[in-house]
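Since the structure comes first, as structure tokens, the remarks are kept for the end.
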Amino acid sequence: MKPDQPGPGARSAVRLSVRGVVQGVGFRPFVYSLAQRHGIAGWVRNTSAGVEILAEGAPAAVEAFATSLPLEAPPRSRIADYERAAAEPEGAEAFAILESAVDPGAYQLVSPDIATCDDCRRELLDPGDRRNDYPFTNCTNCGPRFTIIEDLPYDRERTTMRRFPLCPACRAEYEDPADRRFHAEPNACPVCGPRVRLLRRAADGAEIELAAGGEADPAAPIRAAAELLRSGEILAVKGLGGFHLACDATDGAAVRRLKERKRRPHKPLAVMFADLDQLREHCAADELEAALLLSPEQPIVLLDWREIGPSGEVGDERGAGAASRGAASRGSAAPVDPEVATGQRYLGAMLPYTPLHILLLREAGRPLVMTSGNLAEEPIVKGWEEIARLSPIADAYLVHDREIAVRYDDSVAQVSGGRPRLIRRSRGYAPFPVALPRPLPQTLACGAELKNTFCLTRDANAFLSQHIGDLENLETLEHYEAAIAVYEHLFRLEPEVVAYDLHPEYLATKYALSLPQELKVAVQHHHAHVAARMVEHGREDPVIGVCMDGLGYGDDGVLWGGEVLVCDLLGYRRVAHLEELPLPGGAAAIARPWRTALGWSYALLGDEGFERAARALRARAAGLEGPADGRRSAGPSDEALEALRAQVDAGVNAPPTTSCGRLFDAVAALAGVRHEITYEGQAAIELEMRATGAGLAAAYPVDVAGDVGAAAPAVVRLAPLFAGVLADVEAGAAAGAVGARLHATMAALVLDLCRRAREATGLAAVALTGGVFQNRLLAGLCEAALAADGFDVLAAGLVPTNDGGVSLGQAAVAGYTVLKRRGDLD
Ligand SMILES: [Zn+2]
Ligand SMILES: [Zn+2]
């Protein structure tokens, strides 16, 4: 306070500046009502950087106001920075909300979209409320944010809501400081807001309107859409950040038609349930899982699927078919069709997170498949003009006239080890930043190829983007570049550093190298994985990094993927890895795990291994589904087997790899789980499903050659493991039993390698990362074994352990590297 103490009746003033997530979360109304409560005059306004407040009044009142503000801030806000400075009273008599101040260079955090709150849900379902059945109901505590923001500060005129002028009733709410919708920028009602329509496309491409939402009956198209869904049709449903493809999840024919049309015969589909009660008829959700399903983020959560039975009899050895599994359902409700998530014991489940979804689920009266409206690897379809792209899949379209500013998929999470872990970080989470251990130069990290995200840093904020998708074609690349532009604009970023993966063929790498920045830092894939985990845990000091992954480009040009690194955020030393084995056919082996199985058995155990693996593959081919067409497979032909042997012998198109993902694939194929796959990681995932519930198993032997502390990395020899798998298969062991042994082997190996690394380095912190650790059975075994041995385990949480986290690690490594070069790192 000022030295000259004010006498009684004197006024003091304070200027407050708040940064963090403070726009779009009801912050100004909160400040206003707090000011009323303390008898404070002055003003509050949004700025490009956050919220600014001038508070004046009796000194004690001003003090109480300034102290209460951060303590009572609204639940969805996050205060990152709170500054107060003494100010001159301006003589204000009341408290006012001023126009936003635009500062072109300043930036602030942007709220993710927030699931419908309880108050809005009540109004939506209340026949007496003016928003009854209105699918765009929202308030300052919920609704779209990131997907409607075109620029900052966050005001209606800078969102896609600007083309819907407020009606008198909505304006009154918007301007009434006592109202829940005071300055709710997307505020809308049936009179003035967006509307839904149900459309069909005629054979000539013309649009036929089946139903239109009006003032009197805003949900009419939703009722009509539910009718179509119940009759087995597939609908494209426009949501927050793009389209969903929807069908009745209990209608096997509709589910199969959707999968055929999407050309996705096996990839699991997510299911939306009307509420937790309906969900629990089909899935088990414990307290943590239920809390996550109902959180403001409302991700898809992978849950134990009741209808699949308790102990891994998913598509079991006897070839139990879909029908018998479906019959295992309990209760009166029709089961979710087993084809929704082929070969899984977990179902991706979510609850309705917008009013439109709440109404659709209520009208449908049954669970609905809700999968992103993308064609094979293309990104989620966004706009009205793109609707034609969905015509090969959808029978009808439930659309609305609110534009989508940015594409935004559903997030996917699982709960294990008592914590939520994101597999896909998107809606509800992005664009909220991950905190860096220290401020870094502005960096654009371009990410990996599959499950791509990018990451931009400013100060100590790492803006890890929402899930972009697999960067394998032009459409996704366009989406990627557009999303980078959105982030650079919203957060006023001009990155001086570009980080990229070593893999020369990644589109993200080519994009990075095409950028004009001179400062470019290449970051090894698995180092980036470990760095991301370190940042998530706020670590800068060296750790043991265990990265079990698919394929990533090594610094020696070999495709790595089973790595133990000792590293910090500047560099790494490779201390151990799985042995190099040939990938016959290169990329082709990824889609055909039988090739890896045979090639590795041959490389490890010679002609005898080859013959035994060929016999195992043949013996377990019966009952296996073939590739995408669903025909039964007889196993690989003699010609294919011999061609593969020649390929390995000649070393032609058989690049060496140390991939742990491919090891799981190979064992899955030998165990008879799957010879060919239709989505990334399928064979390994299905092996995990069978192994889960198979009980404790003995590890297979492996040999570790060399010394973790030596100049050359130790190498894990896999011949004993393959000999053990083949012997088990020959003895008639079930796939689940073989899988359980593989999991036990890897957990024991990880513990062994970490012990050796600890001995050599004295380090006790272990970062577990890489796509393979999406496997919750393996992650659980490794984390438990390491913790029991006294290690400090840095496990996965809200930063995906798969390639979706790589860009964060790239950004950190590049930023630290540049700081170091400049001598700015202590
Ligand atoms: Zn609300
Ligand atoms: Zn209105």
Any idea which of (1) open to solvent by less than 40 Å² (accessible area, probe 1.4 Å); (2) in contact with a helix residue (DSSP H, G or I) (Cβ under 9 Å, 6 or more places away or on another chain) is the one D217 doesn't satisfy?
(1)
Away from ligand 1 (no atom under 16 Å from the Cβ), out of contact with any Leu (no Cβ under 9 Å at 6 or more places or on another chain), free of Cβ contacts under 8 Å to residues at least 24 places away in the same chain and farther than 30 Å from L269 by Cα: does that describe D217?
no
Residues (surrounded by fewer than 24 Cβ atoms within 10 Å (Cβ to Cβ) and touching a residue at least 60 places away in the same chain (Cβ under 8 Å)) located in the range 751-763
L753, R756, R758, A760, T761, L763
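Pick from S411, S391, S416: which is polar (S, T, N, Q) and open to solvent by 30 Å² or more (accessible area, probe 1.4 Å)?
Values: S411 fails: open to solvent by 30 Å² or more (accessible area, probe 1.4 Å); S416 fails: open to solvent by 30 Å² or more (accessible area, probe 1.4 Å).
Exactly one of S411, S391, S416 is polar (S, T, N, Q) and open to solvent by 30 Å² or more (accessible area, probe 1.4 Å), namely S391.
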With respect to A694, determine if the residue is touching a helix residue (DSSP H, G or I) at 6+ places or on another chain (Cβ under 6 Å) and part of a loop (DSSP other than H, G, I, E, B).
yes
Test: residue in the range 46-68 that is part of a strand (DSSP E or B), open to solvent by 60 Å² or more (accessible area, probe 1.4 Å) and touching a strand residue (DSSP E or B) at 6+ places or on another chain (Cβ under 7 Å):
no
Taking the options R257, R200, name whichever one is more than 16 Å from ligand 2 (Cβ to nearest atom), farther than 21 Å from D410 by Cα, charged (D, E, K, R) and in a strand (DSSP E or B).
R200
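Mind listing whichever residues of the range 196-214 are of a type in the set (A, V, I, L, M) and surrounded by 10 or more Cβ atoms within 10 Å (Cβ to Cβ)?
Those that are of a type in the set (A, V, I, L, M) and surrounded by 10 or more Cβ atoms within 10 Å (Cβ to Cβ): V196, L198, L199, I208, L210, A211, A212.
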Take the residues of the range 116-135 that are more than 8 Å from ligand 1 (Cβ to nearest atom) and open to solvent by less than 10 Å² (accessible area, probe 1.4 Å): which is farthest from D176 (Cα to Cα)?
P135
Which is in contact with a strand residue (DSSP E or B) (Cβ under 9 Å, 6 or more places away or on another chain), at pLDDT 95 or above and basic (K, R), of R171, R200, R195?
R195
If F664 meets every condition in (1) assigned to a helix (DSSP H, G or I); (2) of a type outside the set (A, V, I, L, M); (3) modelled with pLDDT under 95 apart from one, which number is that one?
(3)
Restricting the search to the range 69-90, which residues are open to solvent by 60 Å² or more (accessible area, probe 1.4 Å) and over 41 Å from the mean Cα position of the chain (by Cα)?
A86, E88, E90
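Yes/no per residue for (1) of a type in the set (K, R); (2) part of a helix (DSSP H, G or I); (3) at pLDDT 90 or above:
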site: A333; (1), (2), (3): no, no, no
site: Q344; (1), (2), (3): no, no, yes
site: L347; (1), (2), (3): no, no, yes
site: I358; (1), (2), (3): no, yes, yes
site: R366; (1), (2), (3): yes, no, yes
site: E377; (1), (2), (3): no, no, no
site: V381; (1), (2), (3): no, no, no
site: E385; (1), (2), (3): no, yes, no
site: A388; (1), (2), (3): no, yes, no
Would you point out which residue out of T140, T147 is within 27 Å of the chain's Cα centre (by Cα) and either away from ligand 1 (no atom under 15 Å from the Cβ) or surrounded by fewer than 19 Cβ atoms within 10 Å (Cβ to Cβ) (or both)?
T147
Residue by residue through the range 408-433, note down the ones that are in a strand (DSSP E or B), aliphatic (A, V, I, L, M) and touching a Phe, Trp or Tyr at 6+ places or on another chain (Cβ under 8 Å).
L422
Is there a residue in the range 91-107 that is open to solvent by 40 Å² or more (accessible area, probe 1.4 Å), part of a helix (DSSP H, G or I), more than 16 Å from ligand 1 (Cβ to nearest atom) and within 28 Å of I40 (Cβ to Cβ)?
no
Being touching a residue at least 24 places away in the same chain (Cβ under 8 Å), open to solvent by 30 Å² or more (accessible area, probe 1.4 Å) and more than 22 Å from E518 (Cα to Cα) narrows it down to one of E475, E481, E488, so name that one.
E475
Which of the numbered conditions does L125 fail, given that it passes all the others? Conditions: (1) modelled with pLDDT of 95 or more; (2) of a type in the set (A, V, I, L, M, F, W, C); (3) more than 30 Å from L292 (Cβ to Cβ).
(3)
Across the range 153-165, what is the total count of residues that are open to solvent by 30 Å² or more (accessible area, probe 1.4 Å) and either within 15 Å of ligand 2 (Cβ to nearest atom) or within 20 Å of L124 (Cα to Cα) (or both)?
3
Exactly one of (1) touching a strand residue (DSSP E or B) at 6+ places or on another chain (Cβ under 9 Å); (2) aliphatic (A, V, I, L, M); (3) free of Cβ contacts under 8 Å to residues at least 24 places away in the same chain; (4) under 23 Å from F722 (Cα atoms) is unmet by L551. Its number?
(3)
Quick one: which residue in G732, G780 is surrounded by fewer than 20 Cβ atoms within 10 Å (Cβ to Cβ) and outside any helix (DSSP H, G or I)?
G732
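Residue-wise test of (1) assigned to a helix (DSSP H, G or I); (2) under 34 Å from the mean Cα position of the chain (by Cα); (3) modelled with pLDDT of 95 or more.
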position	(1), (2), (3)
G709	no, no, no
V715	no, yes, yes
A723	yes, no, yes
A727	yes, no, yes
A737	yes, yes, yes
L742	yes, yes, yes
A747	yes, yes, yes
R755	yes, yes, yes
A760	yes, no, yes
Note on the range 265-294: residues in a loop (DSSP other than H, G, I, E, B) and more than 23 Å from R427 (Cα to Cα) are P265, H266, E281, H282
Somewhere in the range 166-174, is a residue within 18 Å of Q108 (Cβ to Cβ), part of a loop (DSSP other than H, G, I, E, B) and within 16 Å of ligand 2 (Cβ to nearest atom)?
no
Would you check if there is a residue in the range 27-45 being touching a helix residue (DSSP H, G or I) at 6+ places or on another chain (Cβ under 9 Å) and surrounded by fewer than 17 Cβ atoms within 10 Å (Cβ to Cβ)?
yes
Among the residues of the range 178-187, is there at least one that is surrounded by 14 or more Cβ atoms within 10 Å (Cβ to Cβ), part of a loop (DSSP other than H, G, I, E, B), within 16 Å of ligand 1 (Cβ to nearest atom) and among the hydrophobic types (A, V, I, L, M, F, W, C)?
yes
Answer yes if at least one residue in the range 228-250 is in a helix (DSSP H, G or I) and free of Cβ contacts under 8 Å to residues at least 40 places away in the same chain, and no otherwise.
no
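The values are calculated or read from the model by the stated rules, or taken from the named source; none is laboratory data. These numbers come from a predicted model, not from an experiment. Cβ atoms come from the backbone with ideal geometry, glycine included; neighbour counts cover every protein chain shown. Note: accessible area is taken over every heavy atom of the protein model, side chains too, but ligands, DNA and RNA are not part of it. Shrake-Rupley method; radii C 1.70, N 1.55, O 1.52, S 1.80 Å.
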